[in-house]
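K.L.:
I'd like to ask some things about the structure below.
The values are calculated or read from the model by the stated rules, or taken from the named source; none is laboratory data. What you are looking at is a predicted structure, and each value in this text was computed from that prediction instead of being measured. Because the Cβ atoms are built from the backbone with ideal geometry, glycine has one as well, and the counts that use them run over all protein chains shown.
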Amino acid sequence: MNTPTDERASSDTREAIMEATFRALSKHGYNDLRMRDIGEEMEMTRQVIHYHYDGKYDLMSHFLEYIIEQYEGSVEVDSNAPPREELDARIDQCLFGPKFDDFGHWDRMKVYHELFTYAQNDERHREIFNTHYGRIRSSITEVVEDGIERGVFRDVDAARMGQLITDVIHAARGRKLSLGHDDAPEETRAAIDEFILDSLYLDE
């Protein structure tokens, strides 16, 4: 039976492997990545990785889930916050990310985006990305529905609004990462305010 200490140690080991994977992927890219590259980024032996994961593919699948957990679990909005405040927080989180002590948001998004490009040929990874996309869209849709019910948002199709905002965010990420348009997130945030949110909010 695992004790709390054992579980904590296992969690710490997992995090160390995941963070080492971030660094290794950033240096080598997905195609050229070897397990030994990840091992070189850790203060543990490479055998620890093989003990926890059945090879590179299994590790990458868990790594994707780790990235997603970091972002989905880091939106902090007061349960009593007005819908406008919560919607702003969720959009900002998706565009600008949470704060990290090491290996910042766009470094992490670069790795995420590279793996995203391979998902079209990988059913398991595509399913992980689809689930993540669905949760982001749903979280935005739910805020829009709440705003409509409270009478502060116009009576729009909340699901389509959630999908539109989510798609615009993904396009901005891709433009920055693939095309090098560094101002894309800020420009997109301003466009969301002007062309989407201003038309969503009821006049106060």
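K.L.:
Tell me yes or no: at least one residue of the stretch 126-141 is more than 30 Å from GLU15 (Cα to Cα), touching a Leu at 6+ places or on another chain (Cβ under 7 Å), modelled with pLDDT of 90 or more and of a type in the set (Ser, Thr, Tyr). Full working, then the answer.
P.N.:
Residues of the stretch 126-141 that are more than 30 Å from GLU15 (Cα to Cα), as a first pass: 141.
Of the ones still in play, those that are also touching a Leu at 6+ places or on another chain (Cβ under 7 Å) are none.
No, the stretch 126-141 contains no residue that is more than 30 Å from GLU15 (Cα to Cα), touching a Leu at 6+ places or on another chain (Cβ under 7 Å), modelled with pLDDT of 90 or more and of a type in the set (Ser, Thr, Tyr).
K.L.:
So, one more: Have a look at PHE195, PHE103, PHE153 and point out the one that is within 27 Å of GLY29 (Cβ to Cβ) and among the hydrophobic types (A, V, I, L, M, F, W, C).
P.N.:
Exactly one residue qualifies, and that residue is PHE103.
K.L.:
What pairs can you find where one residue is in the stretch 161-176 and in contact (Cβ under 8 Å) with a residue 12 or more places away in the chain, the other is surrounded by 16 or more Cβ atoms within 10 Å (Cβ to Cβ) and charged (D, E, K, R), and their Cβ atoms are less than 6 Å apart, with a gap of 6+ or different chains?
P.N.:
Close Cβ pairs (under 6 Å, with a partner that is surrounded by 16 or more Cβ atoms within 10 Å (Cβ to Cβ) and charged (D, E, K, R)) amount to GLY162/ARG137; GLN163/ARG137; THR166/ARG137.
K.L.:
Condition first: assigned to a helix (DSSP H, G or I) and surrounded by 12 or more Cβ atoms within 10 Å (Cβ to Cβ). Now tell me which residues in the stretch 179-203 satisfy that.
P.N.:
First, pick out the residues of the stretch 179-203 that are assigned to a helix (DSSP H, G or I): 179, 184-200.
Scanning the stretch 179-203 gives ALA184, PRO185, GLU186, GLU187, THR188, ARG189, ALA191, ILE192, ASP193, ILE196, LEU197, LEU200.
K.L.:
May I pose another question? Which ones in the stretch 99-118 are surrounded by 14 or more Cβ atoms within 10 Å (Cβ to Cβ) and assigned to a loop (DSSP other than H, G, I, E, B)?
P.N.:
Within the stretch 99-118, PHE100 is the sole residue that qualifies.
K.L.:
Can I ask one more? Out of (1) at pLDDT 80 or above; (2) not in a helix (DSSP H, G or I), the odd one out for MET18 is which?
P.N.:
(2) is the only condition that MET18 fails.
K.L.:
Looking for whichever is more than 16 Å from MET109 (Cβ to Cβ), assigned by TED's automatic domain parsing to the domain that holds ASP78, exposed (fewer than 13 other Cβ atoms within 10 Å of the Cβ) and within 16 Å of the chain's Cα centre (by Cα) here; the options are ASN121, ASN130. Which one fits?
P.N.:
Working: ASN121 fails: within 16 Å of the chain's Cα centre (by Cα).
Going through ASN121, ASN130 in turn, the sole match is ASN130.
K.L.:
Quick check on my filter: what residues within the stretch 30-86 are of a type in the set (S, T, N, Q) and outside any helix (DSSP H, G or I)?
P.N.:
Let us first name the residues in the stretch 30-86 that are of a type in the set (S, T, N, Q), namely 31, 45, 47, 61, 70, 74, 79-80.
Hits for the stretch 30-86 are THR45, SER74, SER79, ASN80.
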